[in-house]
Amino acid sequence: MSEQEKSAAQQRIDNAVYGTPKIKPDEQRKYLGTFRERVCLTISVQELHEQDWTKALTAELDRGIGNLVFINGNLPHDKIHPYIQTAAKDNAQFTLKNDPEYKTDPDSLAVVVAAKTAVYQSPVDVKKRYPNLVNSNNHTAEKTNTQHQSFFHHLFHRKDRG
């Protein structure tokens, strides 16, 4: 056997034992299993805790460039559930990533919208891509809180009383 045949055979054995080597594993780990050039939108764990970004997710999916949604499944269900619902409502393909390599620290990504091929979008951070939605959802949260007050609160704190 020649040296080239041995190295090819050794490579096959190594692939069988250790698995096929990944291309850019750190990049794939950061972007929840996809490459940066395919990413259209990212929402970090910190941004997810700060406010509701489902409108930004809907706007990005409506653009029609990326329809793959990767969601960090290691986060609490109550935080990611609205994004799962939004992705399903907009007929996007979504995947929950539960591997322990996907972290939940504030700088890690919680939601990634990507395309099947390279699209080279910039910026991809939700605050930079949709600055008009930053903290605009806080006003709607205040309105919904007033709507969900108890019957007795409405009865005794009516505004039409002098």
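The values are calculated or read from the model by the stated rules, or taken from the named source; none is laboratory data. In this text, all values refer to a predicted model and were calculated from it rather than measured experimentally. Here the Cβ is made from the backbone with ideal geometry for all residues, glycine too, and neighbour counts use every protein chain on show.
Please work out which residue is farthest from ASN135 (Cα to Cα), limiting yourself to the stretch 35-51 and to residues that are aliphatic (A, V, I, L, M) and not in a strand (DSSP E or B). Explain how you work it out, then say what you get.
Of the stretch 35-51, the ones aliphatic (A, V, I, L, M) are 39, 41, 43, 45, 48.
From the residues that got through so far, the ones that are not in a strand (DSSP E or B) too are 45, 48.
On the way: VAL45: 16, LEU48: 12 Å.
That would be VAL45.
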(message) Any residue that is part of a helix (DSSP H, G or I), more than 19 Å from ASN135 (Cα to Cα) and in contact with a strand residue (DSSP E or B) (Cβ under 6 Å, 6 or more places away or on another chain) - is there at least one of those in the stretch 91-103?
(response) no
(message) If I go through the stretch 16-30 residue by residue, how many of them are of a type in the set (Gly, Ala, Ser) and part of a loop (DSSP other than H, G, I, E, B)?
(response) 1
(request) Please tell me if GLY19 is small (Gly, Ala, Ser) and closer than 23 Å to VAL134 by Cα. (result) no
(message) Please go through the stretch 55-79 and give me each residue that is surrounded by 19 or more Cβ atoms within 10 Å (Cβ to Cβ) and part of a helix (DSSP H, G or I), ordered by number.
(response) ALA56, LEU57, GLU60, LEU61
(message) Here's a check for you: in the stretch 12-34, which residue that is in contact with a helix residue (DSSP H, G or I) (Cβ under 7 Å, 6 or more places away or on another chain) and surrounded by 14 or more Cβ atoms within 10 Å (Cβ to Cβ) is modelled with the highest pLDDT?
(response) THR34
(request) Kindly indicate the residue of the stretch 120-138 that is part of a loop (DSSP other than H, G, I, E, B) and within 17 Å of the chain's Cα centre (by Cα) and also farthest from PHE70 (Cα to Cα) among those meeting that condition. (result) VAL134
(request) Tally the residues that are on the phi < 0 side of the Ramachandran plot, out of contact with any Asp or Glu (no Cβ under 9 Å at 6 or more places or on another chain) and not polar (S, T, N, Q), restricting the search to the stretch 26-52. (result) 11
